[in-house]
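Here's the structure we're looking at; comments come further down.
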Amino acid sequence: MPLRITDLEGSWEIEVPVRGAVLEALRLQIMRLQQREVFLGPVCERIGQRIAETVLDALDPDLRPPTEAQVKFALDIARELSINLPGEALQFRGAMGEFINRHSSLFYSRQNRKMF
């Protein structure tokens, strides 16, 4: 049985295949919390954190966040060349790779000039 995930605006929705035992355990967890009149927030936070991690792992590589090394290198490039680092590059690994590829040779040539 699938678990349905949708955005708040309702502009997209996906059905994720989940084993029946997992859905049943989730149903029981929610019922247990409702019976105790316990706030669902902490459980939702834990589930949300795990879903976010899993979604990032499942995305195409260019849609994942850039690595720390990429961000550091891109900031060095932007600073040295006095250019803006696009927000998209800070959000997506593919855009970050394009930024680095586009500007790294000029960055390295300026770095080499400083050494001599």
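The values are calculated or read from the model by the stated rules, or taken from the named source; none is laboratory data. Just so you know, these numbers come straight off a predicted model, no measurement behind them. Glycine gets a Cβ as well: all are built from the backbone with ideal geometry, and neighbour counts include every protein chain shown.
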Taking the condition out of contact with any Lys or Arg (no Cβ under 6 Å at 6 or more places or on another chain), surrounded by 12 or more Cβ atoms within 10 Å (Cβ to Cβ), at pLDDT 95 or above and of a type in the set (Ser, Thr, Tyr), does SER104 pass? yes
First in the stretch 61-81 and free of Cβ contacts under 8 Å to residues at least 60 places away in the same chain and closer than 10 Å to MET96 by Cα, second anywhere and loosely packed, with under 15 Cβ neighbours inside 10 Å and charged (D, E, K, R), Cβ under 6 Å, 6 or more apart: none
Kindly indicate the residue of the stretch 1-40 that is among the small types (Gly, Ala, Ser) and modelled with pLDDT of 90 or more and also nearest to VAL55 (Cα to Cα) among those meeting that condition. SER11
Does PHE107 meet the test of being in contact with a Phe, Trp or Tyr (Cβ under 9 Å, 6 or more places away or on another chain) and not charged (D, E, K, R)? yes
Given the conditions (1) out of contact with any Ser or Thr (no Cβ under 9 Å at 6 or more places or on another chain); (2) within 30 Å of ARG4 (Cβ to Cβ); (3) in contact (Cβ under 8 Å) with a residue 24 or more places away in the chain, which single one is not true for LEU90? (2)
Just wondering, is there one or more residues in the stretch 54-62 that are under 30 Å from SER109 (Cβ atoms) and surrounded by 11 or more Cβ atoms within 10 Å (Cβ to Cβ)? yes
